[in-house]
Each structure stands twice: as C-alpha cells, then as structure tokens.
1. Which of the strands (runs of 3 or more DSSP E) found entirely inside region 22-111 contain at least 3 residues meeting this: within 11 Å of the ligand (Cβ to nearest atom)?
2. Of the residues 101, 95, which is without any contact (Cβ under 8 Å) to a residue 40 or more places away in the chain and in contact with a helix residue (DSSP H, G or I) (Cβ under 9 Å, 6 or more places away or on another chain)?
3. Looking only at region 145-153, decide whether some residue is within 14 Å of the ligand (Cβ to nearest atom), surrounded by 18 or more Cβ atoms within 10 Å (Cβ to Cβ), among the basic types (Lys, Arg) and at pLDDT 95 or above.
4. I'd like to know if region 207-226 contains one or more residues that are within 16 Å of the ligand (Cβ to nearest atom) and crowded, with 19+ Cβ neighbours inside 10 Å.
5. I'd like to check something: does region 49-62 contain any residue that is surrounded by 18 or more Cβ atoms within 10 Å (Cβ to Cβ), assigned by TED's automatic domain parsing to the domain that holds residue 119 and over 21 Å from residue 154 (Cβ atoms)?
6. Any idea how many residues of region 250-273 are farther than 22 Å from residue 211 by Cβ and crowded, with 21+ Cβ neighbours inside 10 Å?
Amino acid sequence: MKIASNIKDLKLYLNKERESKKQIGLVPTMGALHAGHISLVRQCVRENDVCVVSIFVNPTQFNDKNDLSTYPRTPEQDYALLEAAGCTYVFAPGEKEMYPEPDTRIFNFGRVAEVMEGKYRPGHFNGVGQIVSKLFDIVQPSKAYFGEKDFQQIAVIRSMVKLLNMKVKIVACPIVREKDGLALSSRNTRLTPELRQKAPLIAHVLQESTTFAQKHSVEETIDFVIDTINKESEMEIEYYEIVDSATLEAVSDWKGSNDPVGCITVYCGKVRLIDNIHYKLS
Ligand code: AMP
C-alpha cells in the first residue's frame, strides 16, 4: 500500500495503473475509520484491480466549525486498517493541496440537496460536491463507493454525476452496525458512556416502526418514531421524514412509493447522529 499526500504523486501512480489497463475504484472518507468504512473498502478491493481510499476532513462541508475542529483524526490507525483490508493507495492530502484557492463553485443539485440535511446543514452538500468532484477528477475512478448510512449524500452524488456527465458508477453499500444496532460512525467516539448506552434506541425504534407501519399510516408512523425517541432524556430528534428512495420526495401514503425510506437525525446529548431504514410493506 502506498500513501500519497499530493495530487501529482497520486496521478503518477494511477496513470501507470491505467496504462496497464487496471480498473480503479475509489472510496472517499474523512478518516477515523471503522468497520463501516472498511466494508466499503473491501467491496472496492473485490470489484476493482486498484483501490484508492482518500482521507480528508473536508472543511467546506462543515457548517459547524466546532464539529470540524473536534472531528476525530487517527491517521496511523487508519493506515493499518486500510493495509489489512487490501487498499492499494491512500490519498491523504492537506488542506492547501485540495484548496490552493478557495473553492467558489456553487452547485444546484435540485431538491435532493434541499430537503432534510440540506435544510438543517446549509452549504453541507455544496461542500460535499466540491470535494467529491475534485476527487473524481483526480482519481478518475470507474466506480466510487458510498455508505447508505449517509442516504441523502448518495442521492446528491448521483445527481452531481448526471449534472456534470461524469463517467463514474456510484455503488451504494449497506449500513454496518454495532451488535446493539447503533450505526457505526466516527462521531460515536464522542458519546459519553451513558449516551452510548442510549444511542441504540434510534435503530431499535426505526426497526420497530417497520412493524408498526404495517397497520398504520405514514403520518402515524412518523409520530410513533418521534414520540418514542423524544421521550428519552437527552435524545432529541432534529427531523424524521419518510421519503421515496430515488426522488427524496416526502411519502404521504405507503402506496405512493416503491421504496419508502425513513431518514432520521437525533441529537444524543451534543452529538448529532443519523440513521435510516427501508420500509418494505406487504
Ligand atoms: P465519512 O468518513 O463519515 O465521510 O464516511 C465515508 C464513507 O463511509 C461514506 O460513504 C459513509 O456513508 C460511509 N460510512 C460511514 N459509516 C458507515 C456505516 N456505518 N456503514 C456503511 N457505510 C458507512
């Protein structure tokens, strides 16, 4: 495994790989890697000749500067995990390398970027578009891997790929969870032991709500999730919405979507956690 911290070196390596007709896959991350990230890396290794993993805590996608400064950084541990997972190249640039000049691009990804996270984290998806478009341009991957934990992010990236006629195929990978159901996240390390005990409630209630949904309306199901979680002290829902997986349009009737997905954001103490669930209605 080679580690490149600048674009020039990485491009030299990758041009050589392309000359020998190797197919390149990319997994963009912000580091502090856990088994969720590693599942993406393993899939990328399986499906490509060369696996590039980028590690870059992208400042332009943080609308909360405190979140950016406290974001966990564990480079040595990340490299060891990536090596063990079969990664070929790590791209770990500094901020000046990715943004020698401020990125002034403003994207219009349409409604998929305006609802939910778009509403509560203004500018977040524009920053995601800035960094992911740069990474696609540098790496020129055939396939890029994203986790379904950030469900809306995948819809936004797909919209970007269409908008900019990019050639890359976007691969969505399932959510990896702790044994108690909590979706793995780099932010989980910020939970106090007490909050860490409470946090799996999010996944449990979402799971329970799929049974509840068999006999209740969309509106009743949304209320069930919100009321059950908000009852717990130090747990506060920012939003819970049930949307169509492709369009992210709000679903008002179960028959209105082939694949309704419930997307949730909960403040667990000060830590903002996200999760989602597919409703398969019979
Ligand atoms: P991040 O480093 O948080 O930007 O995440 C990098 C990639 O890993 C994103 O595509 C995430 O959706 C994905 N990811 C993060 N956590 C998980 C998880 N628990 N399961 C699957 N994918 C994940």
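The values are calculated or read from the model by the stated rules, or taken from the named source; none is laboratory data. Treat the numbers as computed from the prediction; the structure is a model and nothing was measured. Glycine also receives a Cβ, built like all others from the backbone with ideal geometry; neighbour counts cover every protein chain displayed.
1. Fully inside region 22-111 and qualifying: 24-29, 50-55.
2. 95
3. Looking for residues that are within 14 Å of the ligand (Cβ to nearest atom), surrounded by 18 or more Cβ atoms within 10 Å (Cβ to Cβ), among the basic types (Lys, Arg) and at pLDDT 95 or above, one finds at least one in region 145-153, hence yes.
4. no
5. Scanning region 49-62 turns up at least one residue that is surrounded by 18 or more Cβ atoms within 10 Å (Cβ to Cβ), assigned by TED's automatic domain parsing to the domain that holds residue 119 and over 21 Å from residue 154 (Cβ atoms).
6. Counting residues in region 250-273 that are farther than 22 Å from residue 211 by Cβ and crowded, with 21+ Cβ neighbours inside 10 Å gives 2.
A quick yes/no check of all residues on (1) touching a helix residue (DSSP H, G or I) at 6+ places or on another chain (Cβ under 7 Å); (2) among the charged types (D, E, K, R); (3) in a helix (DSSP H, G or I):
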{"residue": "134", "(1), (2), (3)": "yes, yes, yes"}
{"residue": "137", "(1), (2), (3)": "no, yes, yes"}
{"residue": "158", "(1), (2), (3)": "no, yes, yes"}
{"residue": "162", "(1), (2), (3)": "no, yes, yes"}
{"residue": "167", "(1), (2), (3)": "no, yes, no"}
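Residue-by-condition table, conditions (1) in contact (Cβ under 8 Å) with a residue 12 or more places away in the chain; (2) in a loop (DSSP other than H, G, I, E, B); (3) within 20 Å of residue 151 (Cα to Cα); (4) in the same structural domain as residue 121 (by TED's automatic domain parsing):
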| site | (1), (2), (3), (4) |
| --- | --- |
| 222 | yes, no, yes, no |
| 238 | yes, no, yes, no |
| 243 | yes, no, yes, no |
| 252 | yes, yes, yes, no |
| 255 | no, no, no, no |
